[in-house]
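Every number in this text was worked out from the coordinates using simple rules, so none of it is lab data. None of the values given here were measured: they were computed from a predicted structure. No Cβ is skipped: glycine too gets one built from the backbone with ideal geometry, and neighbour counts run over all protein chains shown.
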Amino acid sequence: MQTTSLHINGEEHTLKADSRTTLLDALRNHLGLTGSKKGCDHGQCGACTVMVNGRRINSCLTLACMHDGDEIVTIEGLGAPEELSSLQAAFVAHDAFQCGYCTPGQICSAMGMIEEAQTGWPSYVSETLDDLKELSDEEISERMSGNLCRCAAYPNIVRAIRQIAKETE
């Protein structure tokens, strides 16, 4: 058993688990944070996306013990039902979810991609490598391509993200 100190959503958690435990399994099975979903368990769907030290990652592809002392934010740390974050509220307003299974990963990934764009990280479809003016639908779609929605709510997801990206420019 490995002891790992995880800072999750502003709280310290001590985890005693096998060193092969993924961050996703630690969050869901050991700490009761079930917002992040296990979709494919291969890093292909994005349902498990969380923020680690301000960057989005697939929590199914990393071991919990690798994040000793890291700052982790899950969907539970972004808002509460009575006080949604602006991104969560935009997803509701734009009907950007249907079954809701992928929504936590979509929202965490959107948070990360908005930050990446604001700090000037280009994507494959960026017209220039510097001076990213605004996020087009094509730019948002490309940056969110690692997050799948089997219900096909993509147009609504893009609208919700675009709204928040414009508000935070």
Percent RCO, i.e. relative contact order, over the chain, from Cα pairs under 8 Å lying at least 6 residues apart: 23 percent
How far, in degrees from 0 to 90, does helix 103-118 lean away from the longest principal axis of the Cα atoms of the chain, to the nearest 10? 60 degrees
By counting other Cβ atoms within 10 Å of each Cβ, how are HIS94, HIS67 ranked from fewest to most? HIS94, HIS67
Please give the length that would be gained between LYS38 and LYS16 if that part of the chain were fully extended, namely 0.36 nm times their separation in residues minus their C-alpha to C-alpha distance (nm, one decimal). 5.8 nm
DSSP loop trypsin sites (Lys or Arg not before Pro) with at most 11 other Cβ within 10 Å excluded, longest remaining stretch of the chain: 21-132
Which whole-number percent gives the relative contact order of the range 1-48, counting Cα pairs below 8 Å spaced six or more residues apart? 23 percent
Listed residue (ALA153, TYR124, LEU135) projecting farthest to the positive dipole end of the range 86-167, Cβ model: ALA153
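Relative contact order (percent) for the range 91-150, with alpha-carbon contacts under 8 angstrom and 6 or more residues of separation?
35 percent
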Over the chain, the sum of -39500 (n - 2.57) across DSSP H runs of at least four, divided by residue number and rounded to 500 deg cm²/dmol, gives at 222 nm -8000 deg cm²/dmol
Filtered GluC sites (Glu not before Pro), the range 65-114: DSSP coil and at most 16 other beta carbons within 10 Å: GLU82
